[in-house]
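Q: Right, I'll just put the structure down here and ask away after.
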């Protein structure tokens, strides 16, 4: 595990807890209850899924890339928390379970391409609920689903 990444996430988490507005407390509460995993080979800065026992889990990949893309334009904590909120909305909408179910019911192989397409659709749904200025933040999250849970 990349020690710097874990330190970075812990630092961001502390800042999020203390800087979150009153209307964001639900996200903070949900975020603090997630199982955490760090993966060097994860295809996105962060993503969520449910464990085999149906517990919500967040996986951190190269989280520093989120900050690098917005450096100088937005506060690091704000950017980090917006991505966390995005991922939490995937869990609330059960997107990892729905994608797996959709692929299984239609006998579609869970290839990276198929998962990516469904993730783009799920992202478009989730992004409707998040207020941000696209001219300030320009990044695309890659597939955030793991084949091991499909």
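Q: Go ahead and collect, in residue order, the members of segment 35-66 whose backbone nitrogen is under 17 Å from a label point 7 Å along the Cα-Cβ direction of residue 124.
A: Nothing falls inside the zone, counting backbone N under 17 Å.
Q: Could you sort 16-28, 48-60 so that the peptide with the highest average Cβ count within 10 Å comes first and the rest follow in order? Working shown, then result.
A: Details: 16-28: 13.3, 48-60: 15.8.
So the order, starting with the most tightly packed, is 48-60, 16-28.
Q: What nm distance separates the two modelled labels at residue 22 and residue 35, each placed 7 Å from Cα along Cα→Cβ?
A: Placing both labels 7 Å along Cα→Cβ, they lie 3.6 nm apart.
Q: Another question, if that's okay. What residues from segment 13-35 fall in the zone where the backbone N is under 16 Å from a label point 7 Å along the Cα-to-C-beta line of residue 76?
A: Counting only backbone N, you get 13-19.
Q: What FRET efficiency comes out for the pair residue 11/residue 68, r = Cβ-Cβ distance, R0 = 22 Å, nearest 0.05?
A: Working: r = 16 Å, r/R0 = 0.72.
For R0 = 22 Å, the calculated efficiency reads 0.90.
Q: Could you give the nm distance between label points at residue 104 and residue 51, where each point is 7 Å from its Cα heading toward the beta carbon?
A: Between residue 104 and residue 51, the label points sit 1.9 nm apart.
Every number in this text was worked out from the coordinates using simple rules, so none of it is lab data. Note that the coordinates shown come from a computational prediction; the quantities given were computed from them, not determined experimentally. Glycine gets a Cβ as well: all are built from the backbone with ideal geometry, and neighbour counts include every protein chain shown.
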